[in-house]
Structures are given as C-alpha cells and as structure tokens.
Amino acid sequence: AFHYGNKATLQQIENLNLTELPPAPSKESLQALAINSPTLLANAQAQQQAKQNVIRQKQNNGLSANVDVSFGYNQRAGNIGGIYQNPLDRQMATLSVSVPILDGGRAKYNQLLAQNQLEQAELSEQISTQSVRQQIENVLNQFEQLTNEIALAKASVALAQNRETKYANLFAAGKITVDQYLEAQNYTQNIAFNLLQARVNYWRLGYALVF
C-alpha cells in the first residue's frame, strides 16, 4: 500500500499497479510532511540563533575599562620610566584607556545589528512558511486536476472501445473500409495512452512527496 510520507523501495515502484491509485493526500498530511522541510528547519534555527544573539548583545551592554601602554619605536619597557633608559633613542609612550562612555556607541551598534539580523531571520521564516503553504495548495490542485483527467480519460476509453467494437462489426460485415476500422482502433489506443499517462503523472506526483 502507498502511504504519503513513507519511504518507497525500487521493488515497490517496479511493482506498482497504475490502475489502483491511492487517495489524494489531505491538506493536513501535507502540512505534517512540510514540518520536516529542510528550508523551514534551517530558517527556524537561524531565527533561534538570532534571538540568542540579541540577548547576548544586551547582556554585553555592561562596559569595562581597559588600560594599554606601548613604548618606543624600536623598544618596549614594562613601565613608563623604563623607556628613558637611553634618551638618545627618543622613545615615546602611548597610553590607551578604554572606558565605558567610549564603548557605548559600539555596544549600541552591536545591539542594532543583532536586532536587524533577527528581523531578517523572522522575515525569511515568514516568506518560507508562505511559500510552503502555496506549494501545498499547488499540490492539492494538481491532484484534483489529475483526478479529473483520469476520470475523463476512463470515460473516453469506454466510449472509444464501444466505437471500435461497432467498427469491427461493420468491417466484418463489409460495410466500412479497413482504414476506417484502423482509425477507430488507433483512436482507442491513443485515448488509452492518455489514461495511462494521467495515472503515471498521478503516481509521480505522489512519489515526489516521498523522496
């Protein structure tokens, strides 16, 4: 039996009876399949990471002061006085102090950047969700269209077979030519092929949901 969402083996595919069509999937079953969509899972993960980044940037808003000292053009010393061991070298000391009031702008920028990334992740998830919903509607419409095509083709085959039978009797009675009989026969075969093609497309659409 064919069940949407289950894996199918090559043996199962080769043994398909195209005349026994499975019922079209319901909207609920397609939605259940879509939950494991790689795109939706990736977008959900990206949104979660963006949320965590926003929280982290808010927590990092507490700023700290750092003091860095560098000495000389060609020489360094562990303290300011040590750089004057050789005055002829014209050593210089650079004192760098990072205090909270100076880092506030950078922290604010990081928060805004994290918030923007979150909004982009949320937008991507909304777009992907809407896209999946549209795909589900498209699949349902395709199943409905193929179901109608199969029903119409089956009715056409029945009419063509009746016509072919009548033409066979007329040909046997010598009332029509062989060309007329063969035309009726070819018409029946063409309609039967259309029915087979519609059934193949139905199964193909079904297995596209599985793999």
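For segment 136-173, the set of residues classified as under 15 Å from SER26 (Cα atoms), surrounded by fewer than 15 Cβ atoms within 10 Å (Cβ to Cβ) and in contact (Cβ under 8 Å) with a residue 12 or more places away in the chain consists of GLU144 only. Going through (1) over 30 Å from ALA42 (Cα atoms); (2) loosely packed, with under 15 Cβ neighbours inside 10 Å one by one, ILE191 falls short only on (2). For segment 194-211, filtering for residues that are open to solvent by less than 80 Å² (accessible area, probe 1.4 Å) and among the polar types (S, T, N, Q) leaves 2. Taken as a whole, the condition of being open to solvent by less than 60 Å² (accessible area, probe 1.4 Å) and not in a helix (DSSP H, G or I) applies to ILE176.
The values are calculated or read from the model by the stated rules, or taken from the named source; none is laboratory data. Keep in mind the model is a prediction, meaning the values are calculated, not measured. Cβ atoms come from the backbone with ideal geometry, glycine included; neighbour counts cover every protein chain shown. Accessible surface areas use protein heavy atoms only, side chains included; no ligands, DNA or RNA. Shrake-Rupley method; radii C 1.70, N 1.55, O 1.52, S 1.80 Å.
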